[in-house]
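Worksheet: the structure to be examined is printed underneath.
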Amino acid sequence: MSWEGCSPPQTPLAKRGAAHPPLETRAGYFRKYERGKDLEPLILMLRGVNVSGANKLPMASFREMLGGLGFERVQTYIQSGNAVMLGERGGAERRVAEGLRSCFGLEVPVFVLTLKEMAAVLAANPFVAEGEADGARVHVIFLKGDVALKPGLEEHATKGERFHLGAGAFYLHTPQRFGSSAVAERLPRFLKAGMTARNQRSATAILEMARGLTGM
């Protein structure tokens, strides 16, 4: 028996700031979900959860929801909406987005990558050496949808900042830290795409967790 949807309260609890009741107590929590046997390691990243008290998502409840959706061996990494799991790639983003909306009242971008896709994105990082010296100063910004980079962003690269647009990711080296980066601040004005950022340290840790699901 697997989860496919749960009835949300009339006013989403996440917006009321109230604690969520246990998922299993909600009406309609479990519904049969038929899946095949082609499970593979998947990496799931959310944008904008548990940030400055907004879009609160308890990781234990998040893992429970993912398990109910039919994903297996679910693990989360820190509190910013990262998970690795075994599952089917097809339709995964849609199912997770619907689950977050239905159970938590959350409307946040959902990114799902296969192990091969995640490994390829990190392998293409031109600032790996800088990230190995300090993983918080190199960020991998994962992209989806139509990607278009307007000219002029390089004019805002100061204090040694460098960036590179690759296949499926935008790589940013910020020697003065991401929080003070003019490029990071202005990026949404220049880069049209769905995006979520992870520093190199976190991205690498998530990849290794996913590899551990199959011993690869």
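We did not get these values from a lab; they are worked out from the coordinates using the rules stated. Everything numeric here is computed off the predicted structure, so don't read it as measured data. Cβ atoms come from the backbone with ideal geometry, glycine included; neighbour counts cover every protein chain shown.
Backbone amide hydrogens, once placed in the peptide plane, bring Arg162 within less than 5 Å of His173, excluding anything fewer than 5 places away on its chain. Straight-line reach from Lys116: which aspartates and glutamates have a Cα under 13 Å away, not including same-chain ones fewer than 8 places off? Candidates past the 8-residue exclusion: Glu40, Glu208. Rounded to the nearest 20 debye, the dipole size of segment 124-212 about its Cα centre is 220 debye, using +1 on the Cβ of Lys and Arg and -1 on the Cβ of Asp and Glu. Grab the beta carbon distance between Arg189 and Asp146, set R0 = 22 Å, and tell me the FRET efficiency rounded to 0.05. The value I calculate is 0.85. Converting phi to 3J(HN,Hα) with the Karplus coefficients 6.51, -1.76 and 1.60 and the offset θ = phi - 60°, segment 62-77 yields 4, 4, 5, 4, 5, x, x, 6, x, 6, 10, 6, 6, 9, 10, 10 Hz in sequence order, with x at every glycine or proline. Starting from the Cα of Lys159, draw a straight line to each of the aspartates and glutamates and keep only those under 18 Å, dropping any in the same chain fewer than 8 residues away. Qualifying aspartates and glutamates at Cα under 18 Å: Glu130, Asp134, Glu185.
With only alpha-carbon atoms in the gyration tensor, what are the semi-axes of the equivalent ellipsoid for segment 124-212, in Å, largest first?
21, 17, 10
A protection proxy built from the mean count of other Cβ atoms within 10 Å ranks the segments 150-161, 106-117, most packed first, as 106-117, 150-161.
Report the net charge of residues surrounding Thr204, where surrounding means a beta-carbon distance below 11 angstrom and charges are Lys +1, Arg +1, Asp -1, Glu -1.
+1
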